[in-house]
1. Given the rule -39500 (n - 2.57) for each run of at least 4 DSSP H residues, summed and divided by the residues of the protein assembly as shown, what is its mean residue ellipticity at 222 nm, to the nearest 500 deg cm²/dmol?
2. How do B:23, B:113 rank when sorted from fewest to most other Cβ atoms within 10 Å of their own Cβ?
3. Over all alpha-carbon pairs of the protein assembly as shown, lay out the pair-distance distribution in 10 Å bins, whole %, shortest bin first.
4. What whole-number distance in Å separates the alpha-carbon centres of the stretch B:36-98 and the stretch B:104-137?
5. Any idea what log10 I(q)/I(0) is at q = 0.14, 0.28 Å⁻¹ for the stretch A:31-87, Debye with uniform C-alpha scatterers and no solvent?
6. Once Rh is set to the Kirkwood radius over Cα pairs, what Stokes-Einstein translational diffusion coefficient, in µm²/s, holds for the stretch C:26-140 at a temperature of 10 °C and a viscosity of 1.306 mPa s?
7. Pairing the Cα long axis of helix C:58-71 with the longest principal axis of chain C, what angle in degrees results, from 0 to 90 and rounded to the nearest 10?
8. Can you put C:9, A:15 in order of Cβ neighbours within 10 angstrom, beginning with the fewest?
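Just so it is clear, none of the values below were taken in a lab; they were calculated from the coordinates. A quick note: this is a predicted structure, and the numbers were derived from the prediction, not measured. In this analysis, Cβ positions are derived from the backbone assuming ideal geometry, glycine residues included, and neighbour counts consider all displayed protein chains.
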């Protein structure tokens, strides 16, 4: 039984949905030690999130940004948490809807994802700095 | 410490929300070897998803379909990823909102679910074929 | 390798979003035995949910309640599951959108959360009784 845990600093990105699968794998050579296991990726922030979706056509990620802006609009009259800007409260809500962690199977030293699946970093703030994830790998 | 991992092919279902708890348990006799552990079920697709909700009244699952069609409509003017049909981009969005995996406690050889909980396969495409999940069981 | 699993009864709370991080940690002295691991918290209900978000400003939690009531309204004409009250079907939908479990890294005997992160119990029913979570800790 093996456990690996490390914090990874992700580069600052603009508001929107960004693929980070390759970036994660490049920083996790320990994956190769695990034949069967699980990878847990946890973002230590409340206005950015992680999800897994289509990694081929970039318009999918653009439509994610459009739809989440429509479903969780800025400047709603019922928002009371407004001091940090109009993008702040929607960012918290989007983060909760999408989720702050993903768990992926590990098989033969790789994330066992579907053909069209990739990990998205979902950045919900207008001007965000680098984000930190804690990656926990376990398996045998 | 025990690890089991297997891919399970789910039968093709029509668009909507479908209970698969019994189907999963029937394909996982290894559950009986685990007294305390976790079960991770991961769907290898980006237009179908997994969630856990009420397993008794079928109208709950019908209302899930109605509400998700309302909250994530087809043919929004801001969609750019439209080549694969009007149901495609909403399917990606619904999949991200509901999530592509569930993790359940295992206790005494069974999924430790609440009285009214069941695992849903959420099929968001109009004409989908069989879906594949990777199930990872671990425990002692 | 260590495994701990226990059910924790959460106090009954009013409809809304409530911080339970301290309550969980207080009931989990076993955390201190784990240097590197994962904590899985699973709610055994279909009309309450768990998420992780901003734990500092209470207006964030108020805005969560406002927004989820707006995004998943009561009394929609398309609801068919209405016998248990107008808050019931929205509660099931909110629970699925937010999710019924959270998984957190454990590092040096503590939940390894970001500075502003806390665990929310999201109570979606008007008159709910106590809720039960199953906590599974694993690590070394």
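1. It comes out at -6500 deg cm²/dmol, rounded to the nearest 500.
2. Details: B:23 15, B:113 20.
With the sparsest Cβ surroundings first, the list reads B:23, B:113.
3. Result, from short to long distances: 5, 23, 36, 28, 8, 0 percent.
4. 14 Å
5. -0.66, -1.18
6. D, rounded to a whole number, is 102 µm²/s.
7. Relative to chain C, helix C:58-71 is tipped by roughly 40 degrees.
8. On the way: C:9 11, A:15 17.
Ascending Cβ contact count within 10 Å gives the list C:9, A:15.
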